[in-house]
Structure formats: structure tokens, C-alpha cells
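A short reminder: the numbers here are calculations on the coordinates, not readings from a lab. Computed from a prediction, not measured in an experiment: that's the story for all the values here. All Cβ positions, glycine included, derive from the backbone under ideal geometry; neighbour counts span all protein chains shown.
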Amino acid sequence: MFKKSLTLGVAPVKRSFLDMDAAKAEKDHFMKVISEIRPDVVKIVDIDDLTENGIAFDNAVVPGIIKKFKEAEVDALFIPFCDFGEESVAAAVAGAFKLPTLVWGPRDEFPNSQEARGRDTQCGIFAATKVMRRHNVKFSYIYNVRTDSEEFRSGYLNFIRFANVIKDLNGLQLAKIGNRPGPFWSVLTNEADLLTKLNISVLPLSPTVIMNEADELRAKKDSAYTGYLADLKKRFDLSSMDDESIEKTAALKVSVQNQIASVGASVCAFECWSAFFPYGIVPCVLLGDITDDGVPLACECDINGAISQAILRAVNLYDESVFLADLTIRNPENENSELLWHCGPFPYSLKAEDSAAALVAGQEQFRLKDGDLTLARFDDIDGKYVLFGGEGKTTSGPETMGTYVYLEVDDWKRWEEKLVFGPYIHHIGGVYGKYLPVLREVARYLGIDFDNAHEQGIYSL
């Protein structure tokens, strides 16, 4: 499974003349909390060896912090305020990197009095963030809440998810197998713009080379091919397919995987059915199975659909596969529900346990599992990029063929209006979980429009 780690530089700050013991108590508290949140994904780099109690309060320590973080190749920064903080220190550290940066400070317990001086944390954040803006730092912020609150934990984890997307997109290598099917004008996009504006490279691969390699794998009974063939037979009812078609399907999956790996890509736009008719099969199942191996594939050479999946994969911290669905019909049984469907390329790992799995002409047949869903579509028009996002949940609906699930949302009419008037097509990415705030932050950081499905846009008649 595709997996990346995120290196987070943490530089707590305090006001030089405010109480060190109080600042240290706050620092120890929040460091304990964040160290327990996704340690499998996040590597924390602290400044404990550079300054007293690992808290920065003097400009003299800034060069050392910058040097340590650069040597550690941090992907993101967290600058927590232990009290009012030092705005010059916070801004100088953040300004040296221009990376995703999180700002937060714990809520103060009491105001100043004649007997005791408080920490004035919120007050200092107001000051420091203005200075960060002058340093052109685009920072994220968690509302001033207590360290032991769910708001802090969820805000921190949302930041990790967001920073993970930014890391994954920067320098993304996207394989393109074949070309768009002739009738599919809707999947057109500007590959040069993707490179110059977002540093996303599109790397072409030949369907002919893939088919030739697949024949070689079958002929020599390659171990990866025979292993996958056995796996297919174990998972799916294959009674409607002949042996040659099943073998070609298995060989093609291994060949596609090899070719994607050969160019170092981690996501792929795939011409699929129109390119592989000459091979005698429809290769839908391999899209789902390669996605389950960690490399999402988008049907019909939909490059923007593949990028949508890459975003959702990173949002999900690579925990679970994503999928790309057709927006097809309104659920006949539910006014606020839509059928998410495709002919058979959804990841098998997302199959509902009570849904039987069959392979018909290379196309999977099963229903996806129940749960919360986040839907997203990255797209462009007239040189401008936009990210659509919304949350819903699965619901029941009439059985159909292919791979499918029914999505229920707060107001389908508003969703449909958004999707029609926005620069989108019939493809949309899906992932299990609720990640709308993360998508919103991704769009803000990238400087592209965020189209929130839960806010009214242009009205239909």
C-alpha cells in the first residue's frame, strides 16, 4: 500500500519576560497530546536541544531552529503559543520556509489581576499573525481552545491531513495510459498548466507496450501474474468469463502496474475500455485492484479525476482506498440521494460484506459498504482551477449492475445545481470519512476556488 510520512517541525514560543514554569506546563501538555495523534504518519522534530525547555523566546535561537528544520527536511510547521509569545520569533521561523504552518495557543484560564499575571495567549496570537502576514506566510489556525479539547485534537489532525495533501501534490507524478476516448471532450485539461502552476507532471504510457508485456507475462507464467490470477479466482465469481479472458485480465493488471512503476508515478489516468478492445477484454477490475495497492486509477483518461483521487488519498492519510464514480441518476427512493456508479472499477476493499462479488466481462459487480463519505472534484476551466467538496452518507436504493453505492446528502438539488453550473463533469472522487474542512484548507493554500456543496451557488429555474 502506498504510504508516506509527514515531518513536522514544532517550535513553541513564549514571551521572554512571562513565567517560564507556566509556559513549560502548557508546552508539555500539548506536546503529549500531539505525540499520540497518528505517530505512524507524523514524525515530530522539536527544538528541545536548542533552547530552554524547548521553547523559543529570543531571536538569537531563530537561525538554529531554521537550520535544524531544514536539515530534517520538514514538510510542515506547528508554532504553538505557550503564552503571548514572541511575534518576531514566530514570524521569522515561519517566513523562512513558506510551508503549511499551523498556529494555535491554549485558551487562558483567567484574566490578569493584581495578584497574578495571566498568559495573554490569544492576545499574542492576534499580534503575531499580522507579522506572519507581512512575511507572506499562509498559515492555518485552530480556534483558541483548551489543549484537552476535541476541537484541538480534530483541528490538529485536520492540519496533518491538509499538509499531507500539499506534500503529495507538490511534484505529483501522474501516469497517463493512452488518450481520452474520442467522445469524451469533458475530460480535456491543460497538462502544461498543471506542471507550471501546480508542479504536477503527466507522464504518457503506451497501451501497446502494456498489451505486449501482458502477453509475455502470460507466456512465461510470471509469478506476479499467476499469483494475481489465483487471487482473482478466489475473490470473484468468474463463471461468466472464459479462461483466456480471465488470464488476459490478470496479465494486464500486472503489466499496467509495472509500467506505472517504471515512470515513478503514484496515480494514473487510464483510457481503459476504448484502448483495450483490441486485446479482447474490458480492464475495469484492474483499476480497482491497483487502487487497492495504493495507486488510484481514473477511468477514461480523466486526469483531473486522477488528481481528485490523489487529494482524497492524502486526506485519508492512505488508510483506505478511494474511488472515482459516475454521477448517474437520482435515487428513485430518496429525493436527496444520488447513485454513485461505474461499470466495474471500484476497489474491492470497499465492498460491502453482504454483497456478492462477480466479474462479468472484466467488470466488477458489487455494492460498496456503508458509512460517511466525502466527495471531491478537482477541475479547471479558462485556466482557473477549482475544488468542489461535500459530505454525505451512504443509503439504500435499488440494486443495479457494476460497482455502486447510493449517496445521501443534505440537499441534492443544491448539489446538482453546483455540479451543473460549476466546471465539473460526471466523474467525482469519493473517500470514506468526513473531511470537508481539510478540502477547504487545501484550496485556500493552493490559491484556487473552493466550491462548498453545502453553500448555495447559482440557482436552477
| query | Counting other C-beta atoms within 10 Å, which of Lys27, Lys418 has the fewest, and how do the rest follow? | reply | Lys418, Lys27
| query | Which peptide among 37-47, 269-279 comes first, and what is the full order, when sorted by highest mean count of other Cβ atoms within 10 Å? | reply | 269-279, 37-47
| message | What are the ³J(HN,Hα) couplings of the stretch 78-87, residue after residue, when phi is run through the Karplus curve with 6.51, -1.76, 1.60 and θ = phi - 60°? Round to Hz, x for glycine and proline. | response | 10, 10, x, 9, 7, 7, 4, x, 10, 4
| request: Could you list which residues have their amide H under 5 Å from that of Ala298, counting only those 5 or more apart in sequence or on another chain, with H placed in the peptide plane? | output: Cys268, Ala269, Phe270
| task | Could you compute the FRET efficiency for Thr226 and Asp449, with r as their C-beta to C-beta distance and R0 at 51 Å, rounded to 0.05? | result | 0.55
| request: Return the percentage of antiparallel bridges among DSSP beta bridges fully within the chain, rounded to the nearest 5 %. | output: 50 percent
| What residues from the stretch 78-108 fall in the zone where the backbone N is under 19 Å from a label point 7 Å along the Cα-to-C-beta line of Asn199? | 78, 94-102
| note | Burial-style ranking of 8-19, 181-192, average other-beta-carbon count within 10 Å with highest first, yields 8-19, 181-192
| message | Please give me the summed charge of the neighbours of Val322: other residues whose Cβ is under 11 Å from its Cβ, Lys and Arg +1, Asp and Glu -1. | response | -2
| task | Report, by chain and number, residues whose modeled amide H sits under 5 Å from the one on Leu373, excluding near sequence neighbours (fewer than 5 apart, same chain). | result | Gly392, Lys393, Thr394, Gly433
| task | Take every Cα pair under 8 Å in the chain that's 6+ residues apart, average their separations, divide by the length, and report that relative contact order as a whole percent. | result | 12 percent
| What pairs in Lys4/Lys68; Lys24/Lys167; Lys3/Lys130; Lys24/Lys130 have C-alpha atoms more than 28 Å from each other? | Lys24/Lys167; Lys3/Lys130
| query | At q = 0.08, 0.14 Å⁻¹, what log₁₀ I(q)/I(0) does a Debye calculation on the Cα points of the chain give, no solvent, two decimals? | reply | -0.53, -1.23
| said: Largest first, please: the extent of the C-alpha atoms of the stretch 320-379 along each principal axis, to the nearest Å. | reply: 30, 29, 23
| query | Of the peptides 224-230, 287-293, how do they stack up when ordered by the mean number of other Cβ atoms within 10 Å, highest first? | reply | 287-293, 224-230
| task | Based on other C-beta atoms within 10 Å, arrange Glu338, Glu247 from fewest to most. | result | Glu247, Glu338
| message | Can you work out the Karplus-derived ³J(HN,Hα) for every residue in the stretch 275-287? Use 6.51 cos²θ - 1.76 cosθ + 1.60 with θ = phi - 60°, whole Hz, and x for glycine or proline. | response | 7, 10, 4, x, 7, x, 9, 9, x, 4, 4, 5, 5
| remark: Going fewest to most other Cβ atoms within 10 Å around each Cβ, Cys123, Cys299 line up as Cys123, Cys299
| query | Using the Karplus equation 6.51 cos²θ - 1.76 cosθ + 1.60 (θ = phi - 60°), what ³J(HN,Hα) coupling, rounded to whole Hz, does each residue of the stretch 403-413 give in order, writing x for Gly and Pro? | reply | 10, 7, 7, 9, 9, 10, 10, 5, 7, 5, 4
| Given the stretch 6-169, what whole percent of its Cα pairs are spread farther than 22 Å? | 36 percent
| said: Just to confirm the filter: which GluC sites (Glu not before Pro) across the stretch 357-461 are DSSP coil and have at most 12 other Cβ within 10 angstrom of their Cβ? | reply: Glu399, Glu455
| Near Lys418, which lysines are there with a Cα under 24 Å away, not counting those fewer than 8 places off in the same chain? | Lys384, Lys393, Lys434
| field | Convex hull of Cα atoms in the stretch 252-297, direction-averaged projection (nm²) | value | 2.9 nm²
| note | Per the C-alpha gyration tensor (a ≥ b ≥ c, the square roots of its eigenvalues), the stretch 393-460 is rounded if a/c is under 1.5, else prolate if a/b beats b/c, else oblate; here it's prolate
| For Gln365, distant residues with modelled amide H under 5 Å away | Ala358, Val360
| query | Cβ under 14 Å from Val431's Cβ, Val431 left aside: what net charge do those residues give with Lys, Arg +1 and Asp, Glu -1? | reply | 0
